[in-house]
Amino acid sequence: MRRRLSIPNLGGARAAILHRPHANVTALVRQLQAVGLEVDCHWPDLPASARAVDYLFIDVDTAYDDQFPWQPGEAPMPTIALIGSEAPGRIEWLMNFGVDAQILKPVGDNGVYSALLIARATFDARMGLTGEIDSLRRRLGQRQTVVQAVALLAARGKSEDEAYEQLRGMAMAWRVSFEEAAARIVGSANTSSEGGCEHV
């Protein structure tokens with residue numbers, strides 16, 4: 001079942017703007033303060049302390065990778081692009097950088113509130129998917145470790161079912177998870193082979 005999204009409380013949130021001094025920045029700051037955000041403006045570089053803000057606005061027309069204290073696609077907060085130019089090179093940079101919402105320039109008297117909400121929802125969904133993918137990769141790695149452990153135990157003349165049951169018994173005896181027991185057996189076998197020993 002799809003999780004229902006809710007509107008976050010923006011009061012007290014912090015935003016950073018990476019944009020040269022301009023009327024667009026003045027309009028943006030005015031809108032952000034009106035919905036309760038604290039705002040810091042930076043140019044030409046974003047300090048490492050900006051990692052702690054809740055939202056980041058960037059000027060896509062002039063932005064470049066070295067302005068940010070992280071790699072493209074790894075912004076630790078929802079990012080909103082301020083776009084004035086639709087030049088292919090700028091749009092390509094924007095796609096590679098990875099943003100969660102956008103506002104077209106010139107910035108007027110509205111549009112910031114909805115951009116904040118969309119950026120937060122998009123960022124949270126992306127982080128959730130990243131977490132799920134990491135979890136699936138870990139589980140896949142654990143399954144491969146279990147297969148290796150069973151193969152090591154079966155190499156001693158046991159059937160696959162007997163080796164599997166032996167692994168289960170070891171996990172219970174050691175009071176660890178099935179996967180942890182498998183990792184111990186595989187790790188022990190790797191250490192033994194490096195040391196020239198034969199036992200697991």
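What follows is calculated from the coordinates using simple rules that are stated; it is not laboratory data. The shown structure was predicted, so the numbers you read here are calculated from the model rather than taken from an experiment. Glycine also receives a Cβ, built like all others from the backbone with ideal geometry; neighbour counts cover every protein chain displayed.
What shape does the stretch 14-110 take by its C-alpha gyration tensor, where a ≥ b ≥ c are the square roots of the eigenvalues and a/c under 1.5 counts as rounded, a/b above b/c as prolate, and the rest as oblate? Taking the square roots of the gyration eigenvalues as a ≥ b ≥ c, the stretch 14-110 is oblate.
Placing unit charges on the Cβ atoms only, positive for Lys and Arg and negative for Asp and Glu, gives the stretch 14-110 a dipole magnitude near 220 debye about its Cα centre. Taking a point 7 angstrom from the Cα of residue 22 along the C-beta vector, which residues in the stretch 41-67 have backbone N less than 18 Å away? Label zone hits: 41-46, 56-67. If you take the Cα centroid of the stretch 142-185 and the Cα centroid of the stretch 8-59, the two points sit 54 Å apart. Measure nothing but the geometry: give the 0 to 90° angle between the long axis through the Cα atoms of 23-34 and the longest principal axis through the Cα atoms of the chain, rounded to 10°. Relative to the chain, helix 23-34 is tipped by roughly 70 degrees. Stretching residue 168 away from residue 48 to a fully extended chain increases their span by 38.4 nm, per 0.36 nm per residue minus the current alpha-carbon distance. For the pair residue 35 and residue 87, label points projected 7 Å from Cα toward Cβ lie 2.9 nm apart. Fully extending the segment from residue 127 to residue 64 would add 20.3 nm, taking 0.36 nm per residue of separation and subtracting the current Cα-Cα distance. Farthest toward the positive end of the dipole of the chain, out of 78, 15, 173, is the Cα of 173, where the dipole comes from beta carbon charges about the Cα centre.
Can you figure out the FRET efficiency of residue 138 with residue 95, using R₀ = 22 Å and their beta-carbon distance, to the nearest 0.05?
0.15
GNM remark for the chain: springs join alpha carbons under 10 Å apart, and the peak mean-square fluctuation among 161, 66, 134 falls on 161.
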